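The next block holds one structure in the form of structure tokens; read it before the comments.
The values are calculated or read from the model by the stated rules, or taken from the named source; none is laboratory data. Quantities reported herein were computed from a predicted structural model and do not represent experimental measurements. As a convention, Cβ positions derive from the backbone with ideal geometry for all residues, glycine included, and neighbour counts pool all protein chains shown. Only protein heavy atoms, including side chains, enter the accessible area calculation; ligands, DNA and RNA are left aside. Shrake-Rupley method; radii C 1.70, N 1.55, O 1.52, S 1.80 Å.
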Amino acid sequence: MTVIDRTKIEKKAKAVVELPENIPDGIVFDVDTILADLFEKADLETTGIAAELLGIWARSDDRASVEQLFCLMTDCDFEDYLDLCIANRNLPLHPPPAIDVRVALGFLCPPFLLPLAPTFPSPLTPYFIIFT
């Protein structure tokens, strides 16, 4: 980004900071609401977004500001986030459901369900319904 682009962005940022002070009475304008709307539209569960965020932090000359911004946006301390990631690294993202309902319809049931006969199930072994 060039110096001219940086100056242009700085001027816009200053203007946005001053907006709430220069809004006439009776006009509703909230820069926080606009930011919240942008977060709602963002796909924050995109694979790789955490790696991208950590890359920005790693490349930053001012890591403390990146950490402060992270905390402001997530209400979570950056180091606490890292600890949570490390503590949960071996947990499945979506654990399997705790309900074990096995429904069989004649011969259409997969062979891993409990067969009627005490023999090794084959694809043609009939099954019955088990609710546990």
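Relative to the present Cα-Cα distance, how much length would full extension add between residue 14 and residue 34 at 0.36 nm per residue of separation?
Full-extension gain reported as 5.6 nm.
Please say if segment 1-71 is rounded, prolate or oblate, where rounded means a/c under 1.5 for a ≥ b ≥ c the square roots of the C-alpha gyration tensor eigenvalues, and otherwise the choice is prolate for a/b larger than b/c and oblate otherwise?
oblate
What is the distance, in nm, between label points placed 7 Å from the Cα along the Cα-to-Cβ direction at residue 43 and at residue 7?
Reported label-point gap for residue 43 and residue 7 is 3.9 nm.
Which FRET efficiency value, to the nearest 0.05, is calculated for residue 21 and residue 60 with the Förster distance at 35 angstrom and r the Cβ-Cβ distance?
0.70
Hey, any idea what % of segment 1-78's accessible area is carbon plus sulfur with a 1.4 Å probe?
59 percent
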